[in-house]
Structure formats: structure tokens, C-alpha cells
1. Using amide H atoms built 1.01 Å from N in the peptide plane, name the residues 5+ places from Gly464, or on other chains, whose amide H lies under 5 Å from its own.
2. If you stretched the chain out fully between Val580 and Glu15, how much longer would it get, using 0.36 nm times the residue separation minus the C-alpha to C-alpha distance?
3. Run through region 641-720 and list the GluC sites (Glu not before Pro) located in a DSSP loop whose Cβ has at most 16 other Cβ atoms within 10 Å.
4. Out of the total accessible area of region 397-474 (probe 1.4 Å, heavy atoms of protein only), what percent is carbon and sulfur?
5. So how do 245-257, 612-624 stack up, highest first, on mean other-Cβ count within 10 Å?
6. Counting only protein heavy atoms, what percent of the accessible surface of region 832-920 is carbon or sulfur at a 1.4 Å probe?
7. Which trypsin sites (Lys or Arg not before Pro) in region 805-842 sit in a loop by DSSP (not H, G, I, E or B) and have at most 13 other Cβ atoms within 10 Å of their own Cβ?
8. Please give the peptides 307-315, 538-546 ranked by average Cβ packing (other Cβ atoms within 10 Å per residue), highest first, as a rough proxy for protection.
Amino acid sequence: MASPAEQLPPGWAAEWDATHQRYLFIETTTGHTQWDPPAHPGGLENAPTGSPPPVVHHGKRRQYAAGQTHAYYGGDGLPDPAYGVPAPGLQAQPQGGQLFTPGLVAENQFAAQQAQQPPAPGQAPYYGQAEPEYINGPGFNQPQYGQAPVDALANQFGQMGVGQKQFQLYTTNLLTSPPEPRELQRPPPEIRLPPNSCVSPSPTANADPSYFRSTINAIPTTSSLLNKSKLPFALVITPYRSLNEGEEPVPLVTDTVIARCRRCRTYINPYVQFIDGGNRWRCCMCNMTNEVPQLFDWDQVRNQPGDRWARAELNHSCVEFVAPTEYMVRPPQPAVYMFLIDVSHTAVQSGMVATATRTILENLDRIPDEDERTKIAIICFDVSLYFFSLPPGTTESSMLVVSDVDDVFLPKPNDLLVNIAEARASLEALLGKIGEMFQENSIIGSAMGPALQAGFKLMAPIGGKIIVLSSTLPSVGAGALKNREDPKILGTAKESGLLQAASPFYKTFAIECSRTQVSVDMFLFSSAYQDVATLACLPHYTSGQTYYYPAFNAGRTEDAMKFAHEFGEVLAQPIMLEAVMRVRASRGLRMASFHGNFFVRSTDLLAMPAVPQDQSYAIEVQIEEAITTPFVVFQTAVLHTTCYGERRIRVITLAVPTTTNLSEVYASADQIAIVTYFANKAVERSLTHKLEDSRDYIFAKLVEILVAYKTSMTSSGAGASAQLAISDNLKMLPVLVLGLLKNVGIRQSAQIPPDIRAYSQALLTSLPSQLLIPYLYPSFYALHSMPPEAGTIGEQGVILPPALPLTSERLERHGLFLIEDAQTIFLWVGRDAVPQLIMDVFDLPSYEALRGGKTTLRVLENPFSQRVNAVIQKTRELRRGVHYPHLYIVKEDGEPPLRLWALSMLLQDRADVLPSYQQFISSLKDKVNIT
């Protein structure tokens, strides 16, 4: 068979995408990409099939249950039920069918439009249609809405620099463009800088989106142009993301030669200009001319002249400098871990105490301690405080009890906070017997506030991390809380009050902690109300993180495994101590407001006592005065102490072009950054106003963007329109906003416990995009009919099945499906699943023998079980961070609460009072036409 490249029409190229295991088609003149083979000018009969290069199949494919209606693999000679066949009840249209019909407003237009093309071979249909090639696609040349092509306008108005590649705007009609999950895997719109803006040709000279991304990748030169677009202008920053295997570490500059602008204090970066024969450099932010440091061109390792152009800070957007002494207020402090363990009756009976102490014991070697300076302390608490003295060089430890929790004091001046290496023997002995010490404890109650005060007194001179493990609502001493859960006010205007802190103690104590470089992580386990909203204040203002395990019971293996895995990962994470972060921007731009887990110490200085990996921050930006430069630069600088005792500065630089052209602003918008910002605003709004206001605010913002686009970019202008237009790069924004509105953090419901809602809000404001997007728009795979290569090893690791749209119309009664939102994984089993499938995956004789609920899936001795387990493992690995999702088996006719929970993830369906995607799009269209 000829390769796709040989069968393409002129002006097209085919490139094999290893991640998705299929060809990506690229129009060379415009840079437009699509998954579907482009149409030949003379018709479609010669279009390439896009089949992949030969794949080595592992083992034979078996045919199951001969004579039954469905085979779950699609064995040799059997049609695969999910591929190449239109959806039931919908007839495939001829391939030359019409792509887009202006004015089509029939009631069932959505389904009708979706039924117009049969799926490509080997590709899952969406209502019988392959990936859409909607309006403004290459080869579909007639202008939409009766307007001149927007690209022509872009070329007239957008000449920012000779030779600069212009953004091309493609308009999509949301009424006829069903959500396509693969769109979320694509990179954000390319950042197209003017020629010669960078001193380095290095591909790493501009920030990777996983570190630093902007909601728009072409910045309007005036605030009026930005206001006209109605797009939010914000930055999403994850300064310390974890590195996957094979990723290059952040380059380290060790010579302590740090060149900074004298006026604005910007660090030298790939976007400065060297002048005066290279002796001086011009700042890319404020245009100040600065001297190049004398040792900048000297190689201190070899003690000879060095190559300036090989320096990391001129070739990489993300670098780390070893800081000289002038960057230190005090010598770098050792890492300190303070464990506050609840040993009340509830905590002991749930198995939390035993699991926690065992996990600390097993992970002592993983706690960062290369220089053997790391210190550790353990305080247990119920209604009293239990301190442990750990003298070095012995296996003995002594317990000191403090019952006066109203006036907390330390019972001993030393041996409470000990060096791990020196007190290793006594520490191991203590961790082995804490569970037994409190095994018969019948005391109910919690003095968490006094325990926090004691831990703070012990570590305040140094700083570090307090890790609280609690199974009970704090009830004694400072910070005591009352159960304020009231089912009558759930779903009413008063519900947002339950999401605000009940006691001022936790915020004032958090600010004290921040001032003395103490960070707090909360691990909460209560089976009853625990007031997560109040307790999460501590991690929020001290750059920590909250972890919540409702109804935790270590007797269930899955509960113990999840907590032990996540707690172990938190202990093993390298943390950045005593950190302060500042974001600088080019003249005319100002950081307006900040979202995330930190304390704003001054107008733009963010205090972070300990920065965990994979925590995200959103910052709103204002255009204060007209921008005259062809591009602008943002720079994040984080001054911190590594957990190995070295003072460093991490600098991340992002350069973005400017434009006077509205179409370029829309064409450059990054839908993932926009919805990350919206998630932060939604949570902020729900706390300052009401939950209903939060939902209305996000919906209104989306309507504003659609109205502005219709008015400025289509010929309908301010009049009513039969279409709902948006730029192609934003076509997943409505479904992501719908996912946000249906998320338990802000969803309209009278059934969501306030603890669950508060924990979800903590996730919405701290998850990096790689975790937030699946949390809003889960992954959905058909496992029973996945292609033969899915679940096997490809060039990029395990190959995943094609993602399906989130609608129950794709569920089949004989099928096995995986639904995953980065926090939970569901295996949905249809009631007509053949016995052989049940046997191969679950090692059970039939569907009736299968039990729903939390489970651990064993790998069995058959290829299908191994492939299913490989897909589950791959989905877990794809998500950055410490979270380890539970796996639930959901039977189609199983327990209603579990079924409804799983089905609530299929957010394109209607659920309770929440609209389906079609209803949501219709209401958007009505609002846009009225506005």
C-alpha cells in the first residue's frame, strides 16, 4: 500500500504521531493540522486511509462466545461493534455530503449534523461521524457568514515584523461541532515571535506550557482591544513540576555570576539584546542598558575564557542559579518534618495510626537527607499532647504527656526534634510501637489546635513542614470547631457559608507559620463531618496541600494502599524551603491578583514556606498602558533553599508577541489556560459571594466571549444568528466550562456534603493543568473493543485506546468501559457482558458473580487482562503529582449511588437539574442572540 504522503493532495504532508498511533495531516501553507485525511480536489476516492505502520501484535487475538450477539474483541472475521459502523438509528450520509449549513435551525440539527459522515476505518464514530472537519477547514474555501476570510484582515492589520508568521483564524460552529476529546491532547496555539527577538536558536528558549502558559499567546497592545475580545488575560504557573522519566533536568548555573537589570531586577534571559560589542545588554522588559558582568564570559571550572552563547541562561527559558550569600537572610536551614498524629479512639480504630506510622517507617530512607541534616519530630494528640524524647545513639524513647492544652509548653528543651541520621535507631523503635501504645485508647476528642501550637514552637526557629494526620473534628483548646453540617441549607444560598472558615484561628495561625517559614500539609480521614473548609486554610496560606480520605478504613486494602502510596510520595518529594516568588512583566503590564496556595506578603511578593511539586498558581494580568514593543516578556523568579541545604533561584521566562489585530488574539487563545483560570475564579467567587453567583459568573464570562466573537469576527455582527461561532482553537472551551459547572466543587445540588465540596475546591485551585483538565473532562475508553495495539507497548510506552466523548450513548450493554478523572477510576461493566470477558478480566465465571465497589484488579495469565491492566497503569502514570486514584467496579444494574457517581462523569448527558451538552449549547446560543 502506498504511504499516506504519496496519496495526499498538493500542499499537504502526513506525519506519524507516535502518541496517538496515527497520521497527523498538515497543510504546509497554513500550518493547519487535522487527524482526518484531506479531501482531494477531484473527490475523496483517492484519500489515504491513514493506517499506521505495521504494529507487532503481542499474542493471538481470541474470538469469544461464538454465536452470541457480540464478541468483545472483534475476532478475525467479526465486525468490531465500535468501529466502522454508524451508530444505531443513524444513517451514514454520502461522503460528499454537506459540511456546514448556514441557517439550519431544525430541532434535531445537532444529531443530524453529527450523522453526516461515516467513520474512517479503525476509528470510533461519534454519533456515526469521524473527527469533524467543520467550517473554515483547509479546502473548504468559501467564506463563512458571508464575510471575507479573517486571514485577509490579519494580513492587512497584523504586520508586526517582516517575516513573522501570522496566526490564522478558523471559525467553528459549536452547534455542529461535537466535543472531540483528542483536541485536549494538542499543544496550545504556537507562540510566534518576531524574527531576531531571541539571542538563541535553542528550542528550549521559550517556556514549556507545563511550567508557564498564558491564556492568550498574542497580547493585545491596548486594554481596550483586550476588553473588546472579552478573553481573560492570566498566567498559569507550575514552577516546580515533577520530571517524567527521560525528561531533561532544569539546567543549573553554578558559577554564581548572576546578571540582573539595575532598574527592574530582571534576570538575563534569551530575549535580551547585546550591544556595544557585547559589553552591555539591554533589558527586554524596561529597556535599561546594563554592563555584562566581568566573569560572564569566563569558564570557572576550566579557568579559561568561556563561550557566552553556551551559557544555560541564554539558551533555556527555565534555569536555576546557585545563589551567592547576598541572597540569604540567614544560612540555608535543614529540612524539618514535624508529624502530628491523631491517636484518639476513632483514629486508632480506623487503622490510620498503624498505617501512618508504618508508612513513615518504610519511607525514612526516601525522606530527602543527602547531607544528613534533616530533622524530624513526632507529637501524638487526642485531648492531651504526647511528646517523644529520642536521645541519639540508643533505641530507647520516652513519652512526655502535656494535659494542659490551654497554655501549651514544650516539656523538654532537647531531644524532641532530632536529626534522622543520628536518632535513627530510637526513631525506628518508636514508629514500630506507637500503634500498640494507643491500641486501647478510648478517648474521643481532638486537641489539634494545641498540637499545632506545640509543633510550631518546636520548629519556629528553623522552619519546615508540619504534617497533620487527623481523624476527628478538633474539639479541645485553640481552634476547636463545632459540627455545622446542616442538610437543610445544602443547595440554598446559605451553603457557601459552610465553605468558609468557621474559626479565625486557622488563618491567623497560618500567617504566623508563613512568617516563620513553616508549611502545613493536612491528611484528613474522618468518617463524619471534619470541616475540611476550615482546616484547608492552613495549607492554603502556607503553600501546603490538603489530602482527604472520607470514611477511611485500613481494613480495606484499597484504602490503606491509596493513603500509604500518597503519603509515601509526599515524604519522598524534594521540597523547596523558605521560598519567595515574584512575577515580573514588560512595561505596561501589571500583576493584578493572585490565586493559589501562598500568602501575598507585599503587593507582588508571594511567600511560600515550602513549595511542593506539581502545584499550580494563576495570576491575573492588567494592561495599564499601551504596549509599543513587538513582544512582551514575563519572568517568574523563585528564591528558595533546596531540601539539601543549597540556596537557589529558579527563573522561568516566557516571551509572547503583541498584536493590534483582534483575530490574532482569538486565534492565539489557550483554552486549557483559560479554564484553569476560570476554576480559580469560580472558587474565589463561591467564597466571597454565593455558589450560585460563582456558576452565573463563569457562564456569563463564556457568553461574553461568544458575543464578542460573533460581533467582531462574523458577518452576523450584533444581530441574531443561526450559528454559535467560536475560533477553532477554543471549540472545547464550552464543554470544559460545562465540566467546571458540573464539578462537585461548585455544582448545583442539595446532596453534596460540605467536606466533599471543600476538598474539591482545594483541588480546583491547586492542581496543575495535566491533572485539572481530566478532573473537569474525564477520560472515557471502550476496553472491550479497543484496537489490537491498545494496551501494548509502543514507542511512547503503553498505547491508550481512542478516547470517547463523555455521553452514555457510547455505553454498550455487552461492553467494558474505563472512566477516569485523575482522582477516581471506574470500570463500567455492561449487564450483557459475555462470561469469557468476565473470566478474562476478573477471574469470575459470570456477570452475576461480580461484585461492584472499590477493588484491586489482578493481572491474570491472559493477554486481555494484561492489556486492560496496562491501560489502567498508564492512566495513573500520565497524571503528575502524588494522587493515586481508587479503582471502582460499577455494574450497569449495581448499587444506584455508585452508578450515579460514575454516570455523573459523563458530563455531556443531562443529570438531575444539570443540562446536557446540547441543552447547554442551546442556552448559550439563546443568550448570545439576546445579548
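The values are calculated or read from the model by the stated rules, or taken from the named source; none is laboratory data. Quick caveat: nothing in here was measured; it's all calculated off a predicted structure. As a convention, Cβ positions derive from the backbone with ideal geometry for all residues, glycine included, and neighbour counts pool all protein chains shown. All accessible areas refer to the heavy atoms of the entire protein, side chains included, with ligands and DNA or RNA removed. Shrake-Rupley method; radii C 1.70, N 1.55, O 1.52, S 1.80 Å.
1. Val518, Ser519
2. 199.0 nm
3. Glu646
4. With neighbouring chains kept in place, the figure for region 397-474 is 51 percent.
5. 612-624, 245-257
6. That share works out to 51 percent.
7. Within region 805-842, the qualifying trypsin sites (Lys or Arg not before Pro) (loop, at most 13 other Cβ atoms within 10 Å) are Arg813, Arg831.
8. Per-residue Cβ counts within 10 Å, averaged per peptide and sorted highest first, yield 538-546, 307-315.
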